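Each remark here refers to the structure printed beneath this line.
Rule-based calculations on the coordinates, nothing more; no lab input. The model shown is predicted, which means the values in this text are computed figures rather than measured ones. Reconstructed Cβ throughout: ideal geometry from the backbone, glycine too, with neighbour counts over all protein chains shown.
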Protein chains: 2
Amino acid sequence: MKHQIILASASPRRKELLTQIGLPFTVQAACGEEKCEARLPQKQVEELSFHKAMEIAEKTEGAAVVIGADTLVFFRGKPLGKPRDEKEAALMLKALQGQTHQVYTGVTLIWHQGKSLRQMSFHERTDVSVWPMTDEEIEEYVKSGEPMDKAGAYGIQGLFARFIRRIEGDYNNVVGLPVGRLYQEMKLEGLLD
Amino acid sequence: MKHQIILASASPRRKELLTQIGLPFTVQAACGEEKCEARLPQKQVEELSFHKAMEIAEKTEGAAVVIGADTLVFFRGKPLGKPRDEKEAALMLKALQGQTHQVYTGVTLIWHQGKSLRQMSFHERTDVSVWPMTDEEIEEYVKSGEPMDKAGAYGIQGLFARFIRRIEGDYNNVVGLPVGRLYQEMKLEGLLD
């Protein structure tokens with residue numbers, strides 16, 4: 001491949017997904033700009049992914065493509081980030097149980113072409129339906145520790161699979177990186193040649 | 001739990017999924033009856049899962065619940081099993097690329113209640129849309145070896161994630177065991193108390 005791939009994320013789940021589709025890459029984690037001007041979910045995640053990719057691209061030389069990604073959970077149009085404590089995790093789960101919510105991941109690719117930087121951003125949306133949960137189930141799940149570092153307070157690829165009823169869209173988008181769309185976009189841009 | 005859980009399947013993917021949702025279980029692989037009287041996809045997978053569960057339940061004593069499962073891929077109403085060779089794998093993938101197909105998993109639970117055996121069966125259907133694939137991509141994927149032991153000649157949880165556009169339904173159903181629905185059904189039947 002002409003371009004070395006750099007993943008601008010420390011997320012072990014994103015590393016796992018990129019490994020899964022068989023692309024060689026290295027990791028340079030971005031701190032990520034927490035502030036975001038955009039209002040629409042799809043614009044928010046694309047903007048946040050752009051900040052992460054640019055933070056690393058600015059430090060990079062040569063034929064590299066930098067991948068930035070940001071995932072947010074939206075319930076009734078409001079973003080749910082990572083819970084600050086167990087109480088907030090339980091509140092998020094109480095909102096999500098028995099309902100359908102949206103997960104957006106924005107992805108930005110930045111790469112050198114000749115003397116200039118090129119970039120493209122896209123997002124994927126997945127609708128996730130959760131089975132009804134009892135208060136005991138929520139309490140037990142929070143105690144497992146799984147919710148604490150995850151947007152929306154759950155990990156679809158973990159214990160929480162018990163409570164997932166169905167999804168519409170890309171599953172890996174919910175885990176944190178829509179690798180199907182990512183592969184297709186990189187192919188279209190000639191970044192995999 | 002009152003009931004010991006026995007998974008009547010040697011599939012490493014099913015073992016992984018049942019482990020993921022945190023239920024303790026043991027494995028006793030069924031050979032499985034290949035013949036099937038039913039015509040409808042949902043009836044076929046339920047019947048095949050029933051044969052597997054019954055094969056193990058007949059050898060089992062005490063308070064155990066046996067889980068049998070069978071997964072089939074259907075394209076335009078016709079079942080695609082595991083490919084016999086690389087040529088058949090390529091033909092299956094040529095049919096599935098750029099299209100939407102159906103994955104059905106049937107699940108049967110058999111358990112002792114007093115002196116009698118009780119059983120219930122259900123199925124889940126997931127629609128899977130695949131990105132268009134070039135002949136080179138199909139050839140390369142077949143060479144990876146991943147298609148050979150899988151219904152429909154692909155593994156959604158492997159390299160093939162590159163080519164998955166979207167799904168509607170349960171992701172784990174495509175991997176081989178709809179653990180969300182399974183957990184809910186076991187809860188309803190009081191098998192998790």
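Across segment A:39-56, coupling constants 3J(HN,Hα) worked out from phi with the 6.51/-1.76/1.60 Karplus curve, θ = phi - 60°, read 9, 5, x, 5, 6, 4, 5, 5, 5, 5, 5, 5, 4, 5, 5, 5, 3, 7 Hz, and Gly and Pro carry x. Among B:Ala151, B:Ala57, B:Ala29, the largest mean-square fluctuation in a Gaussian network model of chain B, built with springs joining Cα atoms closer than 10 Å, belongs to B:Ala29. With a Förster radius of 56 Å applied to the C-beta separation of B:Cys36 and A:Cys36, the computed FRET efficiency comes to 0.55. With label points set 7 Å from Cα along Cα→Cβ, the inter-copy distances at B:Pro79 are 4.8 nm, sorted shortest first. Label-to-label distance for B:Thr134 and B:Phe25 is 4.1 nm, based on points extended 7 Å past Cα in the beta-carbon direction.
Report, as an integer, the average count of C-beta atoms from other chains found within 10 Å of each Cβ along B:163-176.
So the per-residue partner count for this stretch is 5.
Can you put A:His123, A:His112 in order of Cβ neighbours within 10 angstrom, beginning with the fewest? Provide the component values of the computation, followed by the final result.
Details: A:His123 24, A:His112 17.
In increasing order of surrounding Cβ atoms, one gets A:His112, A:His123.
Take A:Met120, move 7 Å from Cα toward the beta carbon, and the resulting point lies 4.8 nm from the same point in each other copy, nearest first.
When the Cα atoms of the protein assembly as shown are aligned to their principal axes, the ranges along those axes come out at 77, 55, 29 Å in descending order. Using only the alpha-carbon atoms of segment A:1-116 as identical scatterers, what base-10 log of I(q)/I(0) does the Debye formula give at q = 0.10 Å⁻¹? So the normalised log intensities are -0.36.
Pairs of Lys residues in segment A:1-106 are counted when their Cα atoms are under 23 angstrom apart and they lie 8 or more places apart or on different chains; the count is 19. Just to be sure I understand the model, the point goes 7 Å from the Cα along the line to the Cβ. What's the resulting B:Leu188 to B:Ala10 distance in nm? Going by the 7 Å Cα→Cβ label model, 3.3 nm. Sorted from closest to farthest, the other copies place their A:Lys35 label points 7.4 nm away, with each point set 7 Å from Cα along Cα→Cβ. By the count of neighbouring beta-carbon atoms within 10 Å, fewest first, B:Thr26, B:Thr71, B:Thr60, B:Thr126 end up ordered B:Thr26, B:Thr60, B:Thr126, B:Thr71.
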